[in-house]
Amino acid sequence: MMLLLWLLGGLVLGVVAERLTGGGASRRNPADDEGAPTSTPRRRRRWGRILGWSAVAIVVLLVAGVVGGYLWANSIFQKIDRVDVSAQLAEGASSGTNYLLVGSDNGAADGEQRENVDGSRSDTMMILHVEDG
């Protein structure tokens, strides 16, 4: 069964390749054309070439977009200040669940300190560790 599908797929690909390249034997008999003037060979169809180059351009643009997005995100994440807290962790505290608790104000406080601040900011961040059991 697989051999039959493989042969059928090869036949279909061969026909498609022949149609796209314009190859293959002519169906007309050359002896019938003895007195006929020779015609110029048929031009290859431009739509196949245009479609191929369009597909290549789309793939190149997609790859460039993914690589550019990765580089942009990586540059943004490298600007984040990090604090190494591994020395502050208790020995053997590997089991359990950590929760990040974030406190934020409403950003609408009056006063000179809040004049140039847009949006709301995080006032407090804590990590709560709950051990299993």
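For the pair L101 and E18, how long in nm is the line joining their label points, each one 7 Å along Cα→Cβ?
Roughly 7.7 nm, to one decimal.
Could you order peptides 74-83, 123-132 by the average number of other Cβ atoms within 10 Å of their residues, highest first?
Sorting 74-83, 123-132 by mean packing, highest first, produces 123-132, 74-83.
Using 0.36 nm per residue, how much length does the chain from S86 to V56 gain when fully extended, once their Cα-Cα distance is taken away?
6.0 nm
Each reported figure results from applying straightforward, stated rules to the coordinates on display, with no laboratory input. Only a predicted model underlies this, so the values are computations on that prediction, with no experimental measurement involved. Every residue, glycine as well, gets a Cβ built from its backbone with ideal geometry; the counts of neighbours run over all protein chains shown.
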